[in-house]
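Trainee: This is the structure, below, for whatever I ask next.
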Amino acid sequence: MSIVGTIKSWFTKGGVAMGMIKTLSAITDDPRISIDSNEYDRIKRDFKYYSDDYPKRHYLDVKGIKREREFNSINVTKRAAQRIASIVFNEQCEISFKDTNVDQYLEQVLESNDFYNLFEQNLEKGIVAGGFAMRPYVDDDQIKIAWVRANQFYPLRSNTNHISEASIASRTTQTENGQNVYYTLLEFHQWTKYDNKSYYLITNELYRSDQPNIVGNQVNLSRVYPDLQPQVIMAGDAMVQPLFSYFRMPGANNISLESPLGIGIVDNSRHTLNNLNLTHDSFMWEIRNGKRTTIVPAEMIKFDEAHQATWDTDTDAYVAMYGDSFEPKDITNDIRVQQFTDSMNAWLREFEGNVGLSTGTFSYNASNGMQTATEVVSENSTTYQTRSSILTNVTKAINDLCVAILELAGSAQLFSTGTPQFDIGQLDLNDIGLNVHYDDGVFVDKDKQMDEDLKNVVAGTLSKQTFLQRNYGLSDKDAQKELQLIQQETADSQPPMQADEAAFSNQGDE
């Protein structure tokens, strides 16, 4: 048996021995997954806040009958995540690499996957739940990028700083004999050593269930994925990065101290969000019940053959008892707009502080009204500091993704031609020369920055290359090319003094 066959057989036998091929109630029941299942209960709860999924409210009407109504919440979780994602990363971001071949190849892969738009969208969901993952794969000889939500990503081996092995789950629903059937594909990424050599193994397992909340029994892959191999093994000696990239929100996970997963903006703000939504719901309920109400004598709304109603029967009214003698009386209560507004602003300011946004990002300023994003970040650096922390992890995630893409592209066995799509050659995968230029337009007056930088260039306190990189987003390589063009154009535009100097020099020799 070949080395590859031996390793595959060893992993398969190990799975059977450990009871991996079995019925799973939950994905975390698999013994290879070493993470507390409570983490996924937390993530599920986070996404409920994000999707504005709240239970209905129950109340008793005037007749004592129990009724229910929709909870009138305000989805500030969605607004906050979208705001943070847009100021952290957007389509104005520019990614480049020092090596020309690497730059051209990766730019083509990223553009074909609509990376710049999809990264911002998935970053938004990652900010809510604490993280997300990206996994490159080969489809029809093209490298694609799969986006993995936090509730689909399960670490196998990790520490609090790095996840080296993981399982990725994806679910599909099919109709069989008129009944919905749920299939869960588990994709395990693992490292192993055999005969003093490193190997990277991808194992695919499919589970079937009749119930949406149960993973079910393991079945053959061909039921849903006829072209998917149960196992793929790659030489791991040249690999420095697993074939996935995990973005983690900055800061410690104070919910589960040993977990490698990040925490999102909901986890330490649940009580604030609950108070905010309760206040908003109460406000809207008061408006709903704040319709004009009048006490009128019963005789005024009595309607039969002998009496005609003298009061509009569509008007909300409390009916006084017979015998009361009085004129109709308006008993409408004033809506407590200012009290509710003050309460809402108090909870909004508390939420802004919890998630690291500048005060006033969402709350209403009595003197200036609702501020724009530019005004908020210009007056307070809290949002900028939060953005800087997140950008550090964004850059790392993008770098890990690009390394994984290059590792895939360099594996000949994954392509129908039998040749690698990109020749890694002598490229150091530990340093692929990534340069990410983020758009700071919200935080920085670009005209003012350019003017100040230009003064520093003239004064000799800032290099021309740094000036080009900061103000035009050029990479090291592109900035150097631009400087060479400038020098060449400057030389071409100067008068031909060298010929005259040579002529004078020859006359002196005679």
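Trainee: Restricting the search to segment 264-281, which residues are open to solvent by 20 Å² or more (accessible area, probe 1.4 Å) and of a type in the set (A, V, I, L, M, F, W, C)?
Mentor: Correct list: Leu278 only.
Quick grid of which residues meet (1) within 25 Å of the chain's Cα centre (by Cα); (2) over 30 Å from Glu120 (Cα atoms):
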| site | (1), (2) |
| --- | --- |
| Ile145 | yes, no |
| Ala150 | yes, no |
| Arg171 | yes, no |
| Tyr183 | no, no |
| Phe188 | yes, no |
| Thr192 | no, yes |
| Asp195 | no, yes |
| Gln211 | no, yes |
| Gln229 | no, yes |
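Trainee: Yes or no: Thr392 farther than 21 Å from Val102 by Cα and either open to solvent by less than 20 Å² (accessible area, probe 1.4 Å) or among the hydroxyl-bearing types (Ser, Thr, Tyr) (or both)?
Mentor: yes
Trainee: Report those strands (runs of 3 or more DSSP E) wholly inside segment 186-238 carrying at least 2 residues which are at negative phi, open to solvent by 50 Å² or more (accessible area, probe 1.4 Å) and of a type in the set (D, E, K, R).
Mentor: Strands (runs of 3 or more DSSP E) meeting the threshold: 197-209.
Trainee: Test each condition in (1) at pLDDT below 55; (2) of a type outside the set (Ser, Thr, Tyr); (3) under 27 Å from Val266 (Cβ atoms) for Glu39 and report the one that comes out false.
Mentor: (1)
Trainee: Please verify whether Glu176 is touching a residue at least 60 places away in the same chain (Cβ under 8 Å), among the acidic types (Asp, Glu) and out of contact with any helix residue (DSSP H, G or I) (no Cβ under 8 Å at 6 or more places or on another chain), treating the condition exactly as stated.
Mentor: no
Trainee: Being surrounded by 14 or more Cβ atoms within 10 Å (Cβ to Cβ) and outside any helix (DSSP H, G or I) is the filter; apply it to segment 26-36 and report the residue that is modelled with the lowest pLDDT.
Mentor: Ser34
Trainee: Quick one: count up the residues across segment 430-456 that are surrounded by 13 or more Cβ atoms within 10 Å (Cβ to Cβ), under 16 Å from Tyr472 (Cβ atoms) and modelled with pLDDT of 65 or more.
Mentor: 11
Trainee: Quickly run through segment 325-356 and pick out the residues that are modelled with pLDDT under 85 and either farther than 22 Å from Asp281 by Cα or outside any helix (DSSP H, G or I) (or both).
Mentor: Ser325, Phe326, Glu327, Pro328, Lys329, Asp330, Ile331, Thr332, Asn333, Asp334, Ile335, Arg336
Trainee: Next question, about the same structure. Take segment 113-143 and flag every residue that is of a type in the set (A, V, I, L, M, F, W, C), in contact (Cβ under 8 Å) with a residue 60 or more places away in the chain and open to solvent by 20 Å² or more (accessible area, probe 1.4 Å).
Mentor: Listed by number, the list holds a single entry, Val138.
Trainee: Looking for something part of a strand (DSSP E or B), touching a Ser or Thr at 6+ places or on another chain (Cβ under 9 Å), open to solvent by less than 20 Å² (accessible area, probe 1.4 Å) and at pLDDT 85 or above - is there at least one such residue anywhere in segment 12-25?
Mentor: The answer is yes, given that some residue of segment 12-25 is part of a strand (DSSP E or B), touching a Ser or Thr at 6+ places or on another chain (Cβ under 9 Å), open to solvent by less than 20 Å² (accessible area, probe 1.4 Å) and at pLDDT 85 or above.
Trainee: Looking only at residues in segment 75-93 that are under 14 Å from Leu391 (Cα atoms) and in contact with a Ser or Thr (Cβ under 8 Å, 6 or more places away or on another chain), which one is surrounded by the fewest Cβ atoms within 10 Å (Cβ to Cβ)?
Mentor: Ile87
Trainee: I would also like to ask the following. Can you go through Ser363, Ser378 and tell me which one is modelled with pLDDT under 80 and not in a helix (DSSP H, G or I)?
Mentor: Sole residue among the options that is modelled with pLDDT under 80 and not in a helix (DSSP H, G or I): Ser363.
Trainee: Filter segment 457-492 for residues that are open to solvent by 90 Å² or more (accessible area, probe 1.4 Å) and of a type in the set (Lys, Arg); which is farthest from Asp103 (Cα to Cα)?
Mentor: Lys464
The values are calculated or read from the model by the stated rules, or taken from the named source; none is laboratory data. What you see is a predicted model; the values in this text were computed from it and never measured. Using ideal geometry, Cβ is built from the backbone for each residue, glycine included, and neighbour counts are taken over all protein chains shown. Keep in mind that these areas ignore ligands, DNA and RNA; they rest on the heavy atoms of the full protein, side chains included. Shrake-Rupley method; radii C 1.70, N 1.55, O 1.52, S 1.80 Å.
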